[in-house]
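The values are calculated or read from the model by the stated rules, or taken from the named source; none is laboratory data. Owing to the predicted nature of the structure, the values given are computational and were not obtained by experimental measurement. Glycine gets a Cβ as well: all are built from the backbone with ideal geometry, and neighbour counts include every protein chain shown. We work out accessible area using only protein heavy atoms, side chains counted, and drop any ligands, DNA or RNA first. Shrake-Rupley method; radii C 1.70, N 1.55, O 1.52, S 1.80 Å.
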Amino acid sequence: MRLVTFEAGGRRSVGAVREGRIVDLGDLFPSMLDLIAAGEEGLAAARRRVESAAGGHELAGVRLLAPIPEPRRNVFCVGWNYRAHFLEGKGKRMMDKEELPEFPAFFDKATTAVIGPDDPIPFDSRLSTQLDYEAELAVVIGRGGRSIREAAARVHIFGYTVANDVSWRDLQRRHGGQWLKGKSIDGSCPLGPWIVTADEIPDPQDLDIRLRVNGVLKQDSNTGYMIFPVDRLIAELSLGMTLLPGDILLTGTPEGVGFARTPAEFLRPGDEVEVEVEGVGTLRNRVVEAPLV
Ligand code: MG
């Protein structure tokens with residue numbers, strides 16, 4: 001199923017996309033977090049409704065929000081998870097195998113940074129002009145847990161969505177090496193357009209991932225190039241630390257980001273950024289001048 005949070009007629013609801021229309025699940029689940037918390041039974045109820053319901057909203061006629069518009073805690077993220085991006089970030093072409101990190105680098109983005117597929121990415125030159133993009137596969141946790149074994153990680157995945165880990169590069173680097181600030185500016189976590197349930201993605205390590213700016217291809221990779229695959233990320237993140245239903249994990253970006261280009265390229269008002277993950281969907285946002293300061 002492709003599950004959405006949407007607004008129609010001034011009302012917010014949860015639904016499932018079927019043949020270009022949205023089957024409203026709002027009477028079953030007040031929010032996506034409630035649907036996720038309902039576990040297998042919740043998914044079964046949603047499937048029954050999708051199979052039996054007639055009509056529904058025209059997908060093109062509603063406003064899509066982020067699938068989880070207000071996560072209950074910060075969005076978890078991974079840095080340096082594609083070898084070629086690790087190299088470009090260090091300004092190198094080659095490296096020794098032992099330079100590769102032994103453990104993933106985790107950081108987070110504030111919940112208030114989350115925006116949906118129909119929202120603009122705000123840009124304010126008084127804040128910074130180094131606005132950058134990062135195409136990422138996002139994992140949504142279903143069943144919570146602590147110290148989840150790598151071999152058991154899949155049963156904890158509710159589904160997948162597409163993310164753009166929008167980054168203000170100068171802000172990212174000037175706060176003591178912690179990335180939270182430059183990664184948490186309002187509007188810097190576009191998510192969507194929907195959550196594809198895990199049953200529809202048999203292998204999350206074999207998905208093409210691409211990013212275009214104004215239609216020009218900037219990132220072009222495959223999730224098979226992750227240094228730490230999704231199962232290992234879940235095992236490492238949950239080690240001694242409880243993951244909750246509805247937690248979101250961004251799994252890192254491949255090479256081709258703006259700051260590492262020669263010359264560096266940053267986003268400007270009017271630019272359209274499109275992130276595509278094979279089998280999951282396409283997330284498109286426009287950069288728009290808006291006051292942030
Ligand atoms: Mg990232």
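What's the local net charge at Arg49, with K and R +1, D and E -1, over the other residues with C-beta under 12 Å away? Mind showing how you got there, number by number?
Numbers: positive: Arg18, Arg47, Arg48; negative: Asp24, Asp27, Glu51.
Overall, the nearby charge balance is 0.
How much net charge surrounds Phe228 when only the other residues with a Cβ under 13 Å from the Cβ of Phe228 are counted, with Lys and Arg +1 and Asp and Glu -1? With Lys, Arg at +1 and Asp, Glu at -1, the net is -2. The Cβ shell under 11 Å around Val166 holds other residues with a net charge of -2, Lys and Arg each +1, Asp and Glu each -1. With a 1.4 Å probe and every protein chain kept in, tell me what percent of the accessible surface of the chain is carbon plus sulfur. Percent of accessible area from carbon and sulfur atoms in the chain: 49. The helix-based estimate of mean residue ellipticity at 222 nm for the chain, built from -39,500 (n - 2.57) per DSSP H run of four or more residues and divided by its residue count, is -4000 deg cm²/dmol to the nearest 500. Label sites at Ala151 and Glu278, each approximated as a point 7 angstrom past Cα along Cα to Cβ, lie 2.9 nm apart. Using the 1.4 Å probe convention, the accessible area of the chain works out to 44 Å² per residue with neighbouring protein chains retained.
Taking 0.36 nm per residue of separation and subtracting the current Cα-Cα distance, fully stretching the chain between Tyr225 and Phe106 would add 41.0 nm. In degrees, nearest 10, range 0 to 90: what is the angle between the Cα axis of helix 39-52 and the longest Cα principal axis of the chain? The two axes meet at around 60 degrees. Once you mark the GluC sites (Glu not before Pro) that are in a DSSP loop and have at most 12 other Cβ atoms within 10 Å, what is the longest gap between them in the chain? Result for the longest clean stretch: 103-293. Taking every C-alpha pair closer than 8 Å and separated by at least 6 residues, the mean separation divided by the residue count of segment 49-199 gives a relative contact order of 28 percent. A straight line joining the Cα centroids of segment 1-55 and segment 204-280 runs 26 Å. Using a probe of 1.4 Å, the accessible surface attributed to Leu87 totals some 10 Å² when neighbouring protein chains are kept in position.
Note: relative contact order over the chain, using C-alpha pairs below 8 Å and six or more positions apart, is 25 percent.
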